[in-house]
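Report on the structure given below.
The values are calculated or read from the model by the stated rules, or taken from the named source; none is laboratory data. Predicted, not measured: the structure shown is a model, and the values here were computed from it. Here the Cβ positions follow ideal geometry from the backbone for every residue, glycine too, while neighbour counts run over all protein chains shown.
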Amino acid sequence: MGMKRARIIVSGIVQGVFFRSSSRHQASYLRLTGWVKNRPDGKVEIVVEGENDAITDFLQWCHKGPPGAMVDHVDLKWEEFMGEFSNFSIRYSDHW
């Protein structure tokens, strides 16, 4: 299996529909760590780390999102696993 890291950009109606809190719940359920944030361009950006199968399940969820979301596109970029997160959090600002 192995540990992986993915950066995901979700486009569509994904802000103001509880996408961030729902993704935090889904990631925690799948035992993934990382973060989610709204971007100024109306998209949602997510970084997740964990087992490959769990990330695959999370990606499938991202294509639907929570009720009220209308996902148009999901961009995925695989990155090197870093193991830098202890949980999955919502980021409200880039100033961390």
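Which of the residues spanning the stretch 45-80 are touching a Leu at 6+ places or on another chain (Cβ under 9 Å) and either in a strand (DSSP E or B) or at pLDDT below 95 (or both)? Within the stretch 45-80, Val48, Glu49, Gly50, Glu51, Val74, Leu76 meet the criteria. Based on this model, can you work out whether Arg5 counts as at pLDDT 95 or above and within 17 Å of His73 (Cα to Cα)? No. Restricting attention to the stretch 34-52 and to residues that are surrounded by 19 or more Cβ atoms within 10 Å (Cβ to Cβ) and under 10 Å from the mean Cα position of the chain (by Cα), the residue that is nearest to Phe81 (Cα to Cα) turns out to be Glu49. Only a single item in (1) surrounded by 19 or more Cβ atoms within 10 Å (Cβ to Cβ); (2) within 11 Å of the chain's Cα centre (by Cα) is not met by Lys4, and it is number (2). If I filter the stretch 13-32 for residues that are surrounded by 15 or more Cβ atoms within 10 Å (Cβ to Cβ) and in a strand (DSSP E or B), do I get at least one hit? No, because not a single residue in the stretch 13-32 is surrounded by 15 or more Cβ atoms within 10 Å (Cβ to Cβ) and in a strand (DSSP E or B).
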